[in-house]
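Beneath this line is the structure, given in structure tokens, with notes to follow.
Please treat every number below as a calculation from the coordinates, not as lab data. Not measured: the values here are computed from a predicted model. Reconstructed Cβ throughout: ideal geometry from the backbone, glycine too, with neighbour counts over all protein chains shown.
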Amino acid sequence: MPEANISIVIPVYNVRSEYLDECCKSLCTQTLPNAEYIFVFDGVQKELFNICNKYQQEDSRFKITSIPHSGVSSARNFGISQAAGQYILFVDADDHITEPTALAQIYGFCIITKCEVLLHSWAETEQTKIHNYLKDNIQALSPSQKEAILKNLLFCKNTDFSGAPWAKVFHRNFLLQNNIFFKDNCPIGQDRVFNYEALHKAKKISYLKEALYAYRISTTSSTQKFRANGLLDLLPYIEELQSLSSNKFPELIGRETLEMFYRSWDTCYMNKQNDAPFHSRMKQLLSIVKSERFQRLISNIDTYGLSNLAKIEASLLQKHLYFWIILHGIKHLY
């Protein structure tokens with residue numbers, strides 16, 4: 001079988017059936033004939049499987065496979081291992097491609113630019129907003145443009161660039177030769193680590209201004225659900241980013257760590273699903289923020305845009321003063 005032009009990897013797990021059907025329909029209408037759509041079912045989901053199977057009967061580009069339930073990173077990694085395309089891109093099962101010529105445009109631009117990574121604009125499905133990180137087609141990003149994107153992956157300042165793996169296209173041999181896969185050791189943030197490693201190692205990155213991907217905003221993402229381990233679940237990906245960046249931007253690493261500290265209040269320590277006694281929750285949190293691991297990450301913090309209170313709290317954390325955390329917790333109780 002000849003090499004495909006493009007392989008699309010679509011992990012499937014607990015998505016609404018009408019969203020998956022819309023995703024499949026957008027792929028079925030693509031005008032690029034030499035493509036493959038690898039649906040990786042993360043566990044057994046018969047109703048969703050039947051939707052994909054219906055399209056497979058009509059379109060030989062559809063390929064369906066399944067793995068034991070092990071998470072989205074494992075599903076994407078399996079898809080990479082199965083891909084035969086020159087280029088790989090990722091689509092979430094509740095999102096879709098915006099127009100029938102999208103893949104043809106992507107592949108054509110990749111061939112012209114001979115890029116290792118292609119970035120492109122994207123839209124939101126429920127709104128009319130288009131996210132253009134850059135305004136023009138660019139055959140090769142400059143070193144300063146590349147650095148700005150890497151910094152944005154460490155701490156997001158420009159939301160027109162998404163840390164998700166979609167709206168990006170990767171040369172398959174580039175990924176394989178550099179052993180770039182999604183990290184299973186990160187409960188969240190695997191996408192940003194994957195993107196940082198790929199963009200950091202890529203010698204040529206291109207940009208296509210067309211919004212060819214439609215993202216559906218979800219209220220049940222892995223970053224928002226209750227996490228019993230709290231801050232411990234939120235630190236591994238920051239450490240991976242710190243390592244990949246060789247700690248070149250410690251102030252951004254510190255800012256992201258501070259943001260995750262605050263997020264952990266909602267996802268764990270003051271979450272309504274947390275039935276542990278208050279003192280146990282505070283003890284767990286304090287043990288983490290007092291650790292050498294946490295203190296190393298917040299040794300420098302970019303305080304631009306922080307409220308005066310947040311700046312004070314960041315300074316107190318760095319000075320190993322924690323009394324205010326208990327007060328903060330008590331305030332959340334009432």
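Before moving on, here are some points about what is shown:
- Here the gap between Ser280 and Lys203, fully extended at 0.36 nm per residue and compared with their Cα-Cα distance, gives a gain of 22.9 nm.
- The simple Förster model, with R0 at 25 Å and r as the Cβ-Cβ distance, assigns Ser307 and Asp160 a FRET efficiency of 0.55.
- Excluding same-chain neighbours fewer than eight residues apart, the lysines reachable from Lys203 by a Cα-Cα span under 26 Å are Lys114, Lys135, Lys146, Lys151, Lys157, Lys168, Lys183, Lys248.
- Computed label-point distance, nm, for sites Ile64 and Ser299 using a 7 Å Cα→Cβ extension: 5.3 nm
- Rounded to 10°, Cα long-axis angle of helix 308-318 versus longest principal axis of the chain: 80 degrees
- For the chain, the longest principal axis of the C-alpha atoms and the axis of helix 46-58 are separated by about 30°.
- Lys272 paired with Lys319, simple spin-label distance in nm, labels 7 Å along Cα-to-beta-carbon: 3.8 nm
- Straightening the chain between Ala84 and Tyr262 buys 59.8 nm, computed as 0.36 nm per residue apart minus the Cα-Cα spacing.
- Neighbours of Ile38 by Cβ distance under 11 Å: Lys/Arg scored +1, Asp/Glu scored -1, total +2.
- Between Thr159, Thr257, Thr128, the Gaussian network model of the chain with springs among Cα atoms under 10 angstrom shows the greatest mean-square fluctuation at Thr128.
- Here the Kirkwood formula puts the hydrodynamic radius of the chain at 21.3 Å, using every distinct Cα pair.
- For the chain, built as a Gaussian network whose Cα springs stay under 10 Å, the top-fluctuating residue of Asp275, Asp233, Asp42: Asp275
- Between the Cα long axis of helix 17-28 and the first principal axis of the chain there is an angle of about 50°, rounded to the nearest 10.
- Considering only Glu58, Glu197, Glu116, the Gaussian network model of the chain with Cα springs below 10 Å gives its largest mean-square fluctuation to Glu58.
- Measuring spread by the Cα atoms of the stretch 130-254 yields a radius of gyration and Dmax of 14.9, 45 Å.
- Residues Glu240, Glu3, sorted so that the one with the fewest Cβ neighbours within 10 Å comes first: Glu3, Glu240
- Estimated inter-spin distance, Ser142 and Ser291, nm [label 7 Å along Cα→Cβ]: 4.2 nm
- Separation of the stretch 288-304 from the stretch 1-75 is 41 Å, based on Cα centroids.
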